[in-house]
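*Asks:* Quick one: the structure is below, questions incoming.
The values are calculated or read from the model by the stated rules, or taken from the named source; none is laboratory data. All figures in this text were calculated on a predicted structure; none of them were measured in a lab. All Cβ positions, glycine included, derive from the backbone under ideal geometry; neighbour counts span all protein chains shown. Side chains are part of the model used for accessible areas, which takes the heavy atoms of the whole protein and leaves out ligands, DNA and RNA. Shrake-Rupley method; radii C 1.70, N 1.55, O 1.52, S 1.80 Å.
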Amino acid sequence: METRKLGNSDLNITAVGFGAWAIGGGGWEFAWGGQEDSDSSASIKRALELGVNWIDTAAVYGTGHSEEIVARAVKEWQGARPYIFTKCSLVWDEQRKVSSNHSADSIRRECEASLHRLQVDTIDLYQMHWPPPDNGPGLEEAWQTMAALQKEGKVRWIGVSNFNVEQLKRAQKIAPVTSLQPPYSLIRRNIESEILPYCEKQGIGVISYSPMASGLLTGAMTGERAAALPADDFRSRNPEFKEPRLSKNIELVERLRQVGQRHNVSPGVVAIAWALRLSAVTGVIVGARNTKQAEGVMGAANLKLTKQEIDEIEGAAAIAVAR
């Protein structure tokens with residue numbers, strides 16, 4: 001699998017990375033429903049067998065559980081050690097209720113806890129999961145602390161997630177931003193106008209998440225399945241999985257399916273390949289909950305769409321989002 005240099009770092013990452021959100025399991029407010037740990041571990045190892053060389057997780061995924069599963073899978077893996085990326089600034093209480101905390105003390109505690117759960121001495125990429133909800137000075141306090149952790153050797157590189165250009169500029173005044181992690185898919189394209197050009201100009205790596213729109217563009221989602229999503233699956237509350245948007249999105253998936261059939265790949269692979277078509281995007285985060293899913297999507301970087309296919313897909317996407 002081809003690799004690309006991530007921003008100002010010495011990390012050469014594969015165009016597709018393993019996303020460990022869903023494998024955190026159920027029982028917390030942003031869960032994807034229940035999940036078997038054995039399936040999670042197997043899916044990570046299968047992705048690594050297929051050539052993926054980085055795993056993206058976060059402390060909050062499963063309120064610590066995802067990091068523990070990542071550590072277990074990497075320990076069992078016999079090949080080259082993958083890069084491990086995780087995130088801070090979201091914390092939880094005893095009831096697993098999630099909240100933001102950008103204080104220096106919290107960021108340091110979170111880093112130590114992640115190092116312990118991941119069973120590593122150094123985190124390859126440490127990311128601020130979200131900017132402060134009030135967009136206040138907590139951004140600077142957290143980023144200063146992360147820069148200090150980098151100097152201390154606790155983390156190798158530091159990045160941000162879900163930032164806009166103005167927030168990136170604020171962080172850059174303190175320390176270089178290695179990477180940005182934004183959502184990006186055929187139905188969420190708002191980063192194209194300002195954020196991607198800015199990152200490309202500044203040399204900031206971009207690792208986008210949800211290229212398959214949280215499973216919506218995989219080809220496996222139907223109206224019946226969307227309606228049957230369990231209450232502890234956050235997607236059951238997502239408007240994209242409800243009418244009137246759901247029908248439009250399923251129409252888009254059918255167009256992706258038509259393109260995919262020409263290459264003998266799934267609609268999800270086409271959606272991922274589309275997200276990788278721009279030079280500003282270093283890599284995309286692709287989740288898998290079992291080995292079959294991993295086998296189906298982790299090779300998506302090998303698909304190179306033609307301009308005609310991109311135009312065909314984007315025409316369908318324009319119809320889907322025009323609502």
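*Asks:* Asn302 - would you say it is at positive phi and over 16 Å from the mean Cα position of the chain (by Cα)?
*Replies:* Criteria not met by Asn302.
*Asks:* Could you tell me whether Arg156 is part of a strand (DSSP E or B), of a type in the set (Lys, Arg) and open to solvent by 10 Å² or more (accessible area, probe 1.4 Å)? So that I can check it myself, show each step before the final result.
*Replies:* Values: part of a strand (DSSP E or B): yes; of a type in the set (Lys, Arg): yes; open to solvent by 10 Å² or more (accessible area, probe 1.4 Å): yes.
Yes.
*Asks:* If you don't mind, there's one more thing I want to ask. Quick check on this structure: which one of Glu295, Glu309, Glu314 is buried (at least 19 other Cβ atoms within 10 Å of the Cβ) and not β-branched (Val, Ile, Thr)? Even if it seems obvious, please write down each step before you answer.
*Replies:* On the way: Glu295 fails: buried (at least 19 other Cβ atoms within 10 Å of the Cβ); Glu314 fails: buried (at least 19 other Cβ atoms within 10 Å of the Cβ).
Criteria check complete, one pass: Glu309.
*Asks:* Next up: Only strands (runs of 3 or more DSSP E) wholly contained in the stretch 1-95 count here; list those with 1 or more residues that are within 17 Å of Lys292 (Cβ to Cβ).
*Replies:* Numbers: elements: 3-5, 12-14, 16-19, 54-56, 83-88, 90-92.
Because the criterion is at least 1 residues that are within 17 Å of Lys292 (Cβ to Cβ), the strands (runs of 3 or more DSSP E) in the stretch 1-95 that meet it are 16-19.
*Asks:* With Glu166, Glu110, Glu141 as the choices, which residue is more than 30 Å from Ala73 (Cα to Cα) and surrounded by 15 or more Cβ atoms within 10 Å (Cβ to Cβ)? Give the steps one after another, and end with the answer.
*Replies:* Details: Glu166 fails: surrounded by 15 or more Cβ atoms within 10 Å (Cβ to Cβ); Glu110 fails: more than 30 Å from Ala73 (Cα to Cα).
From the options Glu166, Glu110, Glu141, the qualifying one is Glu141.
*Asks:* Moving on to the next point. If you take the residues in the stretch 175-214 that are in a helix (DSSP H, G or I) and not hydrophobic (A, V, I, L, M, F, W, C), which one is farthest from Asp10 (Cα to Cα)? Even if it seems obvious, please write down each step before you answer.
*Replies:* Going residue by residue through the stretch 175-214, those that are in a helix (DSSP H, G or I) are 190-192, 195-202.
Pick out the ones that are also not hydrophobic (A, V, I, L, M, F, W, C) and you get 190, 192, 197-198, 200-202.
Working: Asn190: 29, Glu192: 26, Pro197: 22, Tyr198: 21, Glu200: 17, Lys201: 19, Gln202: 16 Å.
Result: Asn190.
*Asks:* Are there any pairs with C-beta distances below 6 angstrom linking a residue in the stretch 234-248 that is closer than 13 Å to Ala213 by Cα and among the aromatic types (Phe, Trp, Tyr) to a residue that is part of a helix (DSSP H, G or I) and modelled with pLDDT of 75 or more, with the two at least 6 apart or on different chains, and if so which?
*Replies:* Phe241/Arg235
*Asks:* Another question, if that's okay. Cβ contacts < 8 Å: first residue on the phi < 0 side of the Ramachandran plot, restricted to the stretch 66-80; second residue modelled with pLDDT under 95 and part of a loop (DSSP other than H, G, I, E, B), any location; separation 6+ or different chain. Result?
*Replies:* If the second residue must be modelled with pLDDT under 95 and part of a loop (DSSP other than H, G, I, E, B), the pairs left are Ser66/Trp21; Ser66/Gly25.
*Asks:* Which numbered condition in (1) charged (D, E, K, R); (2) under 21 Å from Val286 (Cβ atoms); (3) without any contact (Cβ under 8 Å) to a residue 12 or more places away in the chain is the only one that Lys45 fails?
*Replies:* Among (1) charged (D, E, K, R); (2) under 21 Å from Val286 (Cβ atoms); (3) without any contact (Cβ under 8 Å) to a residue 12 or more places away in the chain, the lone unmet condition for Lys45 is (3).
*Asks:* Restricting attention to the stretch 197-206, does a residue exist that is within 15 Å of the chain's Cα centre (by Cα) and more than 19 Å from Ser247 (Cα to Cα)?
*Replies:* Checked the stretch 197-206: at least one residue is within 15 Å of the chain's Cα centre (by Cα) and more than 19 Å from Ser247 (Cα to Cα).
*Asks:* Quick one: how many residues across the stretch 227-249 are open to solvent by 60 Å² or more (accessible area, probe 1.4 Å), closer than 14 Å to Phe30 by Cβ, of a type in the set (Gly, Ala, Ser) and part of a helix (DSSP H, G or I)?
*Replies:* 0
*Asks:* Open to solvent by 30 Å² or more (accessible area, probe 1.4 Å), under 29 Å from Ser40 (Cβ atoms), aliphatic (A, V, I, L, M) and free of Cβ contacts under 8 Å to residues at least 40 places away in the same chain: is that true of Ala273 in this structure?
*Replies:* No; evaluated as a whole, the condition is false for this residue.
*Asks:* Moving to a separate point now. Hey, can you tell me all the residues within the stretch 178-203 that are in contact with a helix residue (DSSP H, G or I) (Cβ under 7 Å, 6 or more places away or on another chain), open to solvent by less than 10 Å² (accessible area, probe 1.4 Å) and at pLDDT 95 or above? Give the steps one after another, and end with the answer.
*Replies:* First, the residues of the stretch 178-203 that are in contact with a helix residue (DSSP H, G or I) (Cβ under 7 Å, 6 or more places away or on another chain): 180, 182, 184-187, 194-195, 198.
With open to solvent by less than 10 Å² (accessible area, probe 1.4 Å) added as a condition, the list becomes 180, 182, 184-186.
Leu180, Pro182, Tyr184, listed by residue number.
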